[in-house]
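Read the structure below first, then the notes.
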Amino acid sequence: MANPYIDPNEPGFNPAYRGTPPWDIGRPQPDFVSLEEAGEIQGSVLDVGCGTGENVLYLAQRGHDTWGIDLAPLAIDAATRKAAERQIQPTFLLADVFELDALGRTFDTIIDSGLLHVFTPDLRPRFVAALNQAIVPGGTYFMLGYADDDPGPGPPGISPDGLRSAFADGWRINYIRPTRFDINETPVHKERAWLASISRAMAPPPA
Ligand code: SAH
């Protein structure tokens with residue numbers, strides 16, 4: 001069956017946002033709320049692949065200078081509309097995660113709610129290189145993504161070993177914990193997910 005969320009003629013998961021995709025739950029993912037309440041989310045925040053922006057809106061409301069980027073115009077339109085309705089002022093931009101240098105700034109924290117887990121392993125080095133350009137030394141990347149050994153339908157997913165090898169150079173894995181990715185009611189889906197905290201080294205690795 002064709003993937004209803006993707007069309008090669010449209011950017012990102014644009015077709016998904018003509019309806020309400022399973023991941024678009026209308027509230028922040030519980031793991032990001034817990035991280036924020038525990039004080040783990042520091043300073044300015046970039047949400048890569050922010051969708052309709054619930055995690056961004058939540059963190060902006062909590063006082064973080066928060067930006068959300070996504071490749072899907074319909075997602076960014078919806079996020080921008082919600083920000084206006086709720087009178088919250090984050091920054092939403094149509095942008096490609098593989099071109100984060102175009103943002104022209106860095107962030108203390110990067111969050112990822114279901115983006116890395118959609119990429120096949122061959123794309124991970126470019127993804128990590130892009131994060132490197134957008135995060136301050138010592139900054140932390142938080143990833144929430146499905147497990148790749150879960151047989152349910154959904155994105156390719158990621159494993160702890162996959163994370164360790166993708167972030168082997170110049171990063172420190174703080175933890176990788178089993179968790180759930182909250183979704184709207186769907187008949188079948190993957191169940192198991194990982195929450196990872198990964199910090200960029202303070203100084204560049206020696207040449
Ligand atoms: N974080 C959101 C959306 C998760 S779905 C949430 O939790 O609800 C993954 C998102 O990544 C989709 O909105 C898709 O359009 C976006 N995306 C896919 N490839 C991208 C890329 N190269 N750059 C930026 N966003 C991308």
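The values are calculated or read from the model by the stated rules, or taken from the named source; none is laboratory data. As the structure is a computational prediction, the values presented were derived from the model and not from experiment. Methodologically, a virtual Cβ is constructed for each residue, glycine included, from the backbone with ideal geometry; neighbour enumeration extends over all protein chains shown.
Among the residues in segment 88-109, are any surrounded by 17 or more Cβ atoms within 10 Å (Cβ to Cβ), within 20 Å of ASP161 (Cα to Cα) and modelled with pLDDT of 95 or more?
no
Could you please give the count of residues in segment 166-185 that are touching a Phe, Trp or Tyr at 6+ places or on another chain (Cβ under 9 Å) and either closer than 23 Å to ALA203 by Cα or part of a strand (DSSP E or B) (or both)?
8
In this structure, does PHE119 turn out to be among the hydrophobic types (A, V, I, L, M, F, W, C), in contact with a helix residue (DSSP H, G or I) (Cβ under 7 Å, 6 or more places away or on another chain), surrounded by fewer than 23 Cβ atoms within 10 Å (Cβ to Cβ) and within 20 Å of PRO21 (Cβ to Cβ)?
yes
Looking at segment 57-73 only, could you name the residues that are out of contact with any Asp or Glu (no Cβ under 9 Å at 6 or more places or on another chain) and closer than 25 Å to PRO15 by Cα?
LEU57
Just need a number here: residues in segment 68-89 that are away from the ligand (no atom under 12 Å from the Cβ) and not in a helix (DSSP H, G or I).
So the answer is 3.
Is it the case that ILE76 is at pLDDT 95 or above and touching a helix residue (DSSP H, G or I) at 6+ places or on another chain (Cβ under 6 Å)?
Taking the combined requirement at face value, the residue does not satisfy it.
Considering TYR146, TYR58, which residue is in a strand (DSSP E or B), among the aromatic types (Phe, Trp, Tyr) and crowded, with 18+ Cβ neighbours inside 10 Å?
From the options TYR146, TYR58, the qualifying one is TYR146.
Can you confirm whether segment 35-54 contains a residue that is touching a residue at least 60 places away in the same chain (Cβ under 8 Å), more than 23 Å from ARG86 (Cβ to Cβ) and out of contact with any helix residue (DSSP H, G or I) (no Cβ under 9 Å at 6 or more places or on another chain)?
Looking through segment 35-54, at least one residue is touching a residue at least 60 places away in the same chain (Cβ under 8 Å), more than 23 Å from ARG86 (Cβ to Cβ) and out of contact with any helix residue (DSSP H, G or I) (no Cβ under 9 Å at 6 or more places or on another chain).
Of these, ILE135, ILE173, ILE198, which one is in contact with a strand residue (DSSP E or B) (Cβ under 6 Å, 6 or more places away or on another chain), surrounded by fewer than 16 Cβ atoms within 10 Å (Cβ to Cβ), aliphatic (A, V, I, L, M) and modelled with pLDDT of 95 or more?
ILE173
Considering segment 94-143 alone, what residues qualify as being in a strand (DSSP E or B), more than 14 Å from the ligand (Cβ to nearest atom) and charged (D, E, K, R)?
ASP108
Using the structure shown, decide if GLY154 is at positive phi and not aliphatic (A, V, I, L, M).
Spelling it out, GLY154 is indeed at positive phi and not aliphatic (A, V, I, L, M).
Do we have any residue at all in segment 12-19 that's closer than 20 Å to LEU115 by Cα and more than 12 Å from the ligand (Cβ to nearest atom)?
yes
Restricting to segment 20-55, and then to whatever is polar (S, T, N, Q), outside any helix (DSSP H, G or I) and in contact with a strand residue (DSSP E or B) (Cβ under 7 Å, 6 or more places away or on another chain), can you tell me which residue is farthest from the ligand (Cβ to nearest atom)?
Here the residue is GLN42.
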